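These notes concern the structure reproduced below.
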Amino acid sequence: METKLLRIDEKNIDESLVREAGDVIRAGGLVAFPTETVYGLGGDALNARSSEKIYRAKGRPSDNPLIVHIADMEALPAIVREIPESAARLAECFWPGPLTMILYKSDIVPRETTGGLDTVAVRMPVHPVARELIRAAGGYVAAPSANRSGRPSPTLAKYVIEDLDGRIDLIVDGGDVEIGLESTIVDLTAARPVILRPGYITRRMLEEVLGDVAEDSTMMRDDSGQAPKAPGMKYRHYAPRGELTIVDGTEESVIEYINSRIALHRSENKKTGVIGTDASVARYHADVCRSAGDRRDEDTIARELYRILREFDDENVEVIYAESFDTDGIGQAIMNRLLKAAGHRVIHIG
Ligand code: AMP
Ligand code: MG
């Protein structure tokens, strides 16, 4: 299949290009497009064949449910059994934006889209190109991240091309994404809301609206021994090809430890990489050293993380060490992704 590439400028949206992309989805095709979190791979959420195509294009296990994207609140009632008060309040505060809610699905949502579940994940993105495209596509776009399954999510169109060229109909290039990590997912189907995946919308922000909010116990810990709450949570994610280890401790001890490991790997002729910060990166001796940014600027770290992980792949790095980050605010989402990318390999020193 030949994959077509379209550029759409979010500040000056060309309606005819949006219509062209929307028509591809209406006809059962797949279109990758920018959102404020990461690039999504969109298909018609109400068409079982489209969802099957998404799984095939990504190489994603078909019991890992997709998120249905809508552009307007009026679109919500048709795809859910009911809208609980908690969902209405969260929508008012955080939609459009990087928040996904799990609700009971209505009959028009095929089980192919929900990975066989009777619940559906719904999000309303804020990115203007995403919103226009969803409307042009008929209102309901199932869109997981636009990467091959297991790889870091794409934060630029060039990474979508890298993973999916020849496997999907169209890629809409809308430039950089703003957040760089996937949406926060909150399950509203039980009496107490539960965060299944941390993101830019933090627990504290949700609790300000809902009162007490729980966190899934596997969010920051190794989940290999536990039955996952959502099927998708059991899969390895976001991983670079090289073996990634997180090193936690005081700055000096972390730098010293990582450099000693690098010396060892070098003697084994292995190509090495490090994820440090602006303050530390110059002190590492790895072949490829990358700063995730200033420690105090977590928004930048979130935006840079997946790009850095992919760059290690581009450079064929075999062994990677990363500094650890605080788990306050969006830091929790950063560490959640980094822990998954590292397969929960963490070394505590100092
Ligand atoms: P992605 O589309 O790659 O951002 O991942 C979507 C994730 O959302 C899945 O891996 C699940 O963990 C979660 N998810 C989607 N639908 C549901 C659902 N109905 N119930 C629970 N989790 C869901
Ligand atoms: Mg994904």
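Numbers for the structure displayed
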{"read-out": "Likely footprinting exposure, ARG310, ARG283, ARG303, ARG192, fewest C-beta neighbours within 10 Å first", "value": "ARG192, ARG283, ARG303, ARG310"}
{"read-out": "DSSP-loop GluC sites (Glu not before Pro) across region 34-127, with at most 16 other Cβ within 10 angstrom", "value": "GLU82"}
{"read-out": "Convex hull projection area averaged over all views, the chain, Cα basis, nm²", "value": "17.3 nm²"}
{"read-out": "GNM top mover of LYS270, LYS58, LYS340 - the chain, alpha-carbon springs below 10 Å", "value": "LYS270"}
{"read-out": "Anchor LYS158: aspartates and glutamates whose Cα lies under 13 Å away (excluding residues fewer than 8 positions away in-chain)", "value": "ASP173, ASP176, GLU311, ASP314"}
{"read-out": "Rg/Rh ratio calculated on Cα atoms of region 123-163 (Kirkwood radius)", "value": "1.01"}
{"read-out": "Helix-only mean residue ellipticity at 222 nm for the chain, each DSSP H run of n ≥ 4 adding -39500 (n - 2.57), per residue, nearest 500", "value": "-9000 deg cm²/dmol"}
{"read-out": "For ASP278, ASP287, order by how many other beta-carbon atoms lie within 10 Å, fewest first", "value": "ASP278, ASP287"}
{"read-out": "DSSP-defined antiparallel bridges as percent of all bridges, the chain, nearest 5", "value": "35 percent"}
{"read-out": "For the chain, built as a Gaussian network whose Cα springs stay under 10 Å, the top-fluctuating residue of THR272, THR202, THR327", "value": "THR327"}
{"read-out": "Folded to 0 to 90 degrees: helix 331-341 orientation relative to the chain principal axis, Cα", "value": "80 degrees"}
{"read-out": "Two-site label geometry, ALA279 and ASP328: point separation in nm, points 7 Å out along Cα→Cβ", "value": "1.3 nm"}
{"read-out": "Tilt relative to the chain, helix 251-267 - C-alpha long axis, 0 to 90 degrees, to 10", "value": "80 degrees"}
{"read-out": "Ranking of ARG266, ARG337 by count of other Cβ atoms within 10 Å, fewest first", "value": "ARG266, ARG337"}
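Values quoted throughout were computed directly from the atomic coordinates according to the rules given, and no laboratory measurement underlies them. Being a predicted model, the structure only gives us computed values, none of them experimental. Note that we place each Cβ from the backbone using ideal geometry, even for glycine, and neighbour counts take in every protein chain shown.
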